[in-house]
Amino acid sequence: MTKLFAPYRPILAMPGARALFVVAFVARLPLTAKAMALTLHIVLDQGGSYAAAGLASMVMTIGMGIGSPLLGRMVDRRGLKPVLALTGVSEAMYWVSAPFLPYPVLLVTTFVLGGLLGVPVFSVIRQAVAARVPDGMRRQAFALDSMIVELVFMVGPALAIAAITSMHSATVTMAVIGLLTVGSVVTLWVLDPPIGVRAEAEADGRAGTGEGAEGTEGTEGTAGTGRTEGARRPAQPAKIPLATWVRPGFVLVLATGMAANLVLAGTDISITALLRQQNAVSMAGVCIFAWCLLSLIGGFWHGSTERPWRLPVLMMLLGAGTIPVGFVGQYGWWCLALILLPAGFMCAPTLSSTAEAVAAAVPASARGQAMGLQGSAMTLGGAIGAPLAGTVVDASSPAWSFATTGAIGVALAAAMLGYQRFAALRAERAVGR
């Protein structure tokens, strides 16, 4: 066990790292409960249909997908605090007003305040992890972050459902989500992790002065001093053109992240549909818990192994492991729980490897926009995966919805492997000349 935990100890020993990962867990809790609270508010409090609730969730998702790269670009150019101030005020206004708005107004407010200007917690945390941790330890750091994400998704929606169903209203839960969101914004403001240009400037400052880990804390503590500002000013005007880093390889990384979320969202819907067909919906929690538990174990393995698998291989195994789930799971809920385990093991490693690939593919001054694009790609994957799986269920059966989403994941992974092979051959020919 000591050897298994050894790769994570240097990361957690870094100044500010433990606080960052604690905030990564707490700040994501309200975000994972947003869609569930909104859905149940429309159904329970407003007496609306599930179709109306689904439309509101889709509007929020579209808003977040559009806003994520825009807010990331703002982080690159203006820094973290202006974005936190803007999105924190926006979310506070949304959660205060949402329980009392009529449905048409709620849709508009959800798109603008809850989606477009929602707090970009996932991309900010990933930027902070990429900036805080040296290149050689990023795989372990992103694996740890992916495990935290799994824990959050196991806890957040379940707490929201339990609270809303026990009170038969979503109003109080929505207020709590608002308070937790504002609290996470304040915590991130106080923590103020160096990201983007600021991180690059501070790293240059430490390299030039020979400061070690203690110097890192000193630099953060003197963020308003002339030394830090002096390092920051020359770097800030340098704007990297999109064409220098938005290349086919980077686009395929985004497509792989989209495919991963498409498979996961499709699996979520397909599990419920398959168990409903068997009159065993009450066992959905057991199946999803087993799925998430193996994802946690997979994330732990990915960060601790000395020979990690490449992103397209992980994605191909995730997709391939999902294809047979419905065909085996139709024999009973316990068969479904067991057959979900191989695909579950691949979830966190795939998501972790995607974040690592994005961070490595772009300069620090463009990392906010790149992480925002990753967030949009994954949001798009989730937005496509759930309705796609539902459509296949309606047209044929849950077994084929697992197979369809898994096959899409395999196809995109194969495309990425093919491109990487093509790029390697082209590089060899260039060297030969």
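The values are calculated or read from the model by the stated rules, or taken from the named source; none is laboratory data. Everything quoted here is computed from the prediction, not taken from an experiment. Every residue, glycine among them, receives a Cβ derived from its backbone with ideal geometry; neighbour counts consider all protein chains shown. Only protein heavy atoms, including side chains, enter the accessible area calculation; ligands, DNA and RNA are left aside. Shrake-Rupley method; radii C 1.70, N 1.55, O 1.52, S 1.80 Å.
With every protein chain in place and a 1.4 angstrom probe, the accessible-area ranking of Leu113, Leu38, largest first, reads Leu113, Leu38. Expressed as a whole percent, the accessible surface of the stretch 317-404 that belongs to carbon and sulfur atoms is 73, based on a 1.4 Å probe. Ranked by solvent-accessible area (1.4 Å probe, protein heavy atoms only, all chains present), the residues Trp333, Trp301 order from largest to smallest as Trp333, Trp301.
Relative contact order of the stretch 83-178: what whole-number percent is it, with Cα pairs under 8 angstrom and at least 6 residues apart?
Working: 45 pairs, mean separation 33.6, N = 96.
Once normalised by length, the contact order is 35 percent.
Within the assembled protein chains, the solvent-accessible surface assigned to Phe5 is about 90 Å², based on a 1.4 Å probe. Shape call for the stretch 57-101 from the C-alpha gyration tensor, a ≥ b ≥ c root eigenvalues: rounded (a/c under 1.5), prolate (a/b greater than b/c) or oblate? Oblate, since a/c reaches 1.5 and b/c is not below a/b.
With both labels modelled 7 Å from their Cα along Cα-to-Cβ, the Ala407 to Tyr331 distance reads 2.3 nm.
Of the residues Thr165, Gly249, Leu351, the one whose Cα sits farthest toward the positive end of the charge dipole of the chain, with +1 on the Cβ of Lys and Arg and -1 on the Cβ of Asp and Glu, is Gly249. A probe of 1.4 angstrom, applied to the heavy atoms of all protein chains, finds Glu356 with accessible area near 50 square angstrom. The simple Förster model, with R0 at 56 Å and r as the Cβ-Cβ distance, assigns Ser166 and Arg247 a FRET efficiency of 0.65. Normalised per residue, the accessible area of the chain is 43 Å², obtained with a 1.4 Å probe and no contribution from ligands, DNA or RNA.
If I take every Cα pair under 8 Å that is 6 or more residues apart in the stretch 1-141, average their sequence separation and divide by the length, what percent do I get for the relative contact order? Please report the intermediate quantities before stating the final value.
Details: 112 pairs, mean separation 44.3, N = 141.
Taking the mean separation of contacting Cα pairs over the length of the stretch 1-141, I get 31 percent.
Computed on protein heavy atoms with a 1.4 Å probe, the accessible areas place Val172, Val190 in the order Val190, Val172, largest first.
With both labels modelled 7 Å from their Cα along Cα-to-Cβ, the Arg429 to Arg9 distance reads 5.0 nm. Given their separation in residues at 0.36 nm each and the Cα-Cα distance between them, Ala280 and Arg307 gain 5.7 nm when the chain is fully extended. Quick one, which of (i) 29.0, 92; (ii) 21.8, 72; (iii) 20.9, 65 is the actual Rg and Dmax of the Cα atoms in Å calculated for this model? Label (ii) holds the value from this structure.
As a length-normalised measure over Cα pairs under 8 Å and 6 or more apart, the relative contact order of the chain settles at 25 percent.
With charges only on Cβ, +1 for K and R and -1 for D and E, what is the dipole size of the chain about its Cα centre, in debye, rounded to 20? Mind showing how you got there, number by number?
On the way: 28 positive and 20 negative charges, 194 e Å.
The calculation lands at about 920 debye.
Taking every protein chain into account, the 1.4 Å probe leaves Val22 with about 90 Å² of accessible area, to the nearest ten.
Element breakdown for the stretch 1-107 at a 1.4 angstrom probe: carbon and sulfur atoms account for 75% of the accessible area.
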